[in-house]
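What follows is a set of notes on a single structure, which appears directly below.
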Amino acid sequence: MDQHITDIKDPDIDYGSEPENIPLHQRPSISIRAKIAISFSLFFILSFTVTVWSYWILTKLEHKIEFLEIADNYMVEIQQARRFEKNYLLYRTDLDDALGHLKTADKILKNNSEKIEKILGPNHFNTMVSYMSKYHDQLILLGAAENDAAKEAIVPSLRQFGSQMVSFATEFVEKERISVTRMFLLAKRVPLYFMSAIFVLMVFVLVFLTRQLLLTLNRFMEYTKRIGEGDFSPITPARKYRDEFTKLAEAFNHMIKELDHKHNVLLESHKLRAIGTLVAGVAHELNNPLNNTLLTASMLTEDYEALSDEEKREMIDDVINETERAQRVVKNLLDFAREGETEMALLKIDKIVEDSTRLVVNQVRFAKVDLTLDCEPNLPLIAGDEQKLKQVFVNLILNAVDVLPPRGKIRINVKKDKVPGYVLITVEDNGPGIDEHIQGRIFEPFFTTKRRAKGTGLGLSVSRGIIKKLGGYIKLKSVPGKGTVFIVSLPATDSPSEIMSK
Amino acid sequence: MNEQPLKIMVIDDENIVGKRLKPALEKTGDIVEAFEEGETALARFAQEPFDIVVTDIRMEKIDGIEILERILAKSQRTKVIIITGYATVEIAREALSKGAFDFIAKPFKPSDLRQIIERASKELRS
């Protein structure tokens with residue numbers, strides 16, 4: 001019945017820029033389970049990477065340290081060789097000592113060629129070997145030289161190759177030492193970095209997931225509240241992807257559809273109940289014009305000859321007027337009881353309220369309640385459904401009648417609202433008032449203070465639905481012991497075109 | 001029919017009722033006064049008692065039951081006839097238990113009321 005309500009968005013919910021408009025079943029699917037699985041996989045991949053990396057770096061370090069040990073031995077040997085070379089040049093000691101050390105150095109290189117090559121690369125290794133063999137060649141030449149002059153001629157090239165050989169090796173050993181230090185430092189720090197990364201990731205995932213879950217849960221709580229208040233528009237939670245919540249939303253929507261259907265059945269029964277109440281009163285109301293007509297017509301036939309033309313005319317006019325009066329009473333009830341879809345029209349609110357008071361006139365009279373209606377002149381028109389608006393006011397008046405003792409008073413006021421562009425209707429009674437602790441629940445569906453079977457508890461919730469749909473509001477002020485006033489505010493309409501948009 | 005004319009009071013806030021019942025009931029030679037408000041009717045009754053009071057049960061300020069009580073309190077012999085919107089058992093029982101002579105349901109013909117008044121006048125004169 002109130003399908004149009006679906007367009008109303010709750011201002012309390014932040015809809016944001018999220019894909020509210022995309023139908024649930026068209027959203028790409030990533031379940032919460034998948035999200036959790038992805039998070040765990042991320043953890044695993046990260047830990048795995050770090051472990052593999054650590055293993056790799058430690059292996060590399062192992063090789064480098066091995067290399068450094070070999071290099072150290074090698075360095076010792078070639079330095080020894082150079083020392084004996086110098087001794088030979090100075091004191092002509094045995095050159096074989098130098099050659100022996102060089103041989104050992106060469107053995108070290110040859111035996112560990114694979115390991116050294118791994119670190120230095122084949123080019124540098126070959127350079128190293130070639131420097132050493134060149135130096136070796138020079139040493140052999142030196143030993144073979146026949147005289148001092150010939151020896152002196154060889155010395156510069158011998159020194160050059162010797163220092164080249166040593167400095168080349170020293171440079172590499174130094175470089176490797178620095179690299180090893182760096183790698184140690186890295187191997188020490190990476191686990192710390194890793195731990196921090198894991199921590200940040202964990203916090204992020206935890207915060208993100210729980211925030212998302214909590215926000216969505218809150219949103220679902222809002223939905224249940226909204227449904228509780230009688231808004232049966234389907235829910236479209238802001239989920240970018242299809243997940244468990246989307247499935248929950250679909251289940252909700254199914255439930256809402258069923259509820260809406262049952263609610264409509266209830267609304268119809270509520271209206272029927274109101275009609276039932278009114279019919280008794282209206283039938284009563286019919287008796288007066290019927291009685292006037294019957295009395296007048298009877299007297300007209302009875303005294304036909306004796307009556308003057310003028311008297312006859314007056315009596316016939318009375319019959320016509322009273323028949324029309326009866327017609328109005330019937331029409332008013334039929335207008336109210338008419339079944340059908342919402343019909344928006346430009347309406348005079350004062351006339352709507354007045355018709356409503358007329359519908360309940362007998363209930364009011366029977367309860368010996370005093371009802372007064374004050375309408376401000378020149379009220380703007382409003383756009384609304386006549387029948388539904390009457391339902392609201394009839395309902396408010398009957399509620400007041402129900403709680404008022406004889407001689408109680410109902411004052412209805414129709415005037416322009418202080419807020420420009422709105423019309424304000426107040427229905428005030430001096431009844432017992434409504435306890436503060438139930439004032440908040442009074443608009444809830446099925447909430448009733450009336451004895452069982454007397455009230456459905458739907459009247460005010462239905463009324464609120466009707467008024468809300470027209471862009472207005474209904475609220476109440478009540479002081480226990482003093483009375484209650486229901487305040488209805490409805491937007492005024494200047495142009496008929498606004499009707500179409502509602 | 002040389003009997004003393006009866007004094008009849010008709011109270012109904014529908015003015016057509018008084019307008020039509022006055023000539024209808026005066027045909028029997030009785031004196032009829034019509035009122036639209038209970039207050040003025042009771043004030044008039046206070047000046048001099050009437051023999052028969054025909055009153056509508058539902059009226060704005062004072063309803064028919066109250067008029068019945070106040071009239072019987074003043075004049076026990078007065079016959080009060082209640083006009084009801086429609087005859088419910090409760091209203092009829094209440095009216096009769098409070099001393100109404102009879103009741104008549106709307107809508108009725110003048111002749112229907114005249115029959116009741118005739119019975120009432122018989123009782124008054126017996």
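The values are calculated or read from the model by the stated rules, or taken from the named source; none is laboratory data. Since the structure is predicted, the reported quantities are computational estimates derived from the model, not experimental observations. Cβ atoms come from the backbone with ideal geometry, glycine included; neighbour counts cover every protein chain shown. Only protein heavy atoms, including side chains, enter the accessible area calculation; ligands, DNA and RNA are left aside. Shrake-Rupley method; radii C 1.70, N 1.55, O 1.52, S 1.80 Å.
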- Note on the structure: One would report the antiparallel percent of DSSP beta bridges in the protein assembly as shown, rounded to the nearest 5, as 50
- Task: Express the carbon and sulfur contribution to the solvent-accessible surface of the range A:32-208 as a percent, rounded to the nearest whole number, probe 1.4 angstrom.
- Result: 65
- Query: Taking a probe of 1.4 Å, how large is the accessible area per residue of the range A:347-502, in Å²?
  - Reply: 48
- Task: Give me the distance in nm between label points sitting 7 Å out from Cα along the Cα-to-Cβ direction at A:Gln212 and A:Leu346, one decimal.
- Result: 5.3
- Quote the charge dipole size of the range A:347-502 about the Cα centre in Debye, to the nearest 20; the model charges only the Cβ of Lys and Arg (+1) and of Asp and Glu (-1). 460
- Item | Centroid-to-centroid separation of the range A:169-229 and the range A:43-63 [C-alpha atoms, Å] | 18
- Hey, what angle do you get for helix A:244-302 against the long axis of chain A, alpha-carbon based, 0 to 90 degrees rounded to 10? 10
- Task: Could you tell me which of rounded, prolate or oblate describes the range A:398-494, using a ≥ b ≥ c as the square roots of the eigenvalues of the alpha-carbon gyration tensor, with rounded for a/c under 1.5 and, failing that, prolate when a/b is larger than b/c and oblate otherwise?
- Result: oblate
- When the accessible area of each residue in the range B:1-36 is compared between its chain alone and the complete protein assembly (1.4 Å probe; ligands, DNA and RNA ignored), which residues differ by at least 20 Å², being lower in the assembly? B:Glu14, B:Ile16, B:Val17, B:Lys19, B:Arg20, B:Lys27
- FRET E, pair A:Phe40, A:Glu222, Förster distance 41 Å, beta-carbon r, rounded to 0.05: 0.85
- Message: Ignoring ligands, DNA and RNA, please state the percent of accessible area on the range B:7-121 from carbon and sulfur, probe 1.4 Å.
- Response: 49
- Given charges at beta-carbon only (K, R positive; D, E negative), |dipole| of the protein assembly as shown in Debye: 2160
- Query: Buried accessible area for the A:B pair, summed, 1.4 Å probe, in Å² rounded to 100?
  - Reply: 2200
- Item | Alpha carbon centroid spacing (whole Å) that separates the range A:338-390 from the range B:60-126 | 36
- Calculate the translational D of the protein assembly as shown in whole µm² s⁻¹ from Stokes-Einstein, where the hydrodynamic radius comes from the Kirkwood formula applied to all Cα pairs, the temperature is 4 °C and the viscosity 1.567 mPa s. 37
- Query: What residues of the range A:365-385 lose no less than 50 Å² of accessible area with every protein chain in place versus their chain by itself (probe 1.4 Å, heavy atoms only)?
  - Reply: A:Arg365, A:Phe366
- Overall form of the range B:7-121 per C-alpha gyration tensor (a/c, 1.5; a/b vs b/c): rounded
- From the Cα gyration tensor of the range A:184-292, with a ≥ b ≥ c the square roots of its eigenvalues, which class applies: rounded if a/c is under 1.5, or else prolate if a/b is larger than b/c, or else oblate? prolate
- Between A:Gln164 and A:Gln79, what length comes free when the chain is fully extended (0.36 nm per residue of separation minus the Cα-Cα distance, one decimal in nm)? 29.4 nm
- So what is the relative contact order for the range A:347-502, in percent, with contacts set as C-alpha pairs under 8 Å and at least six apart? 25
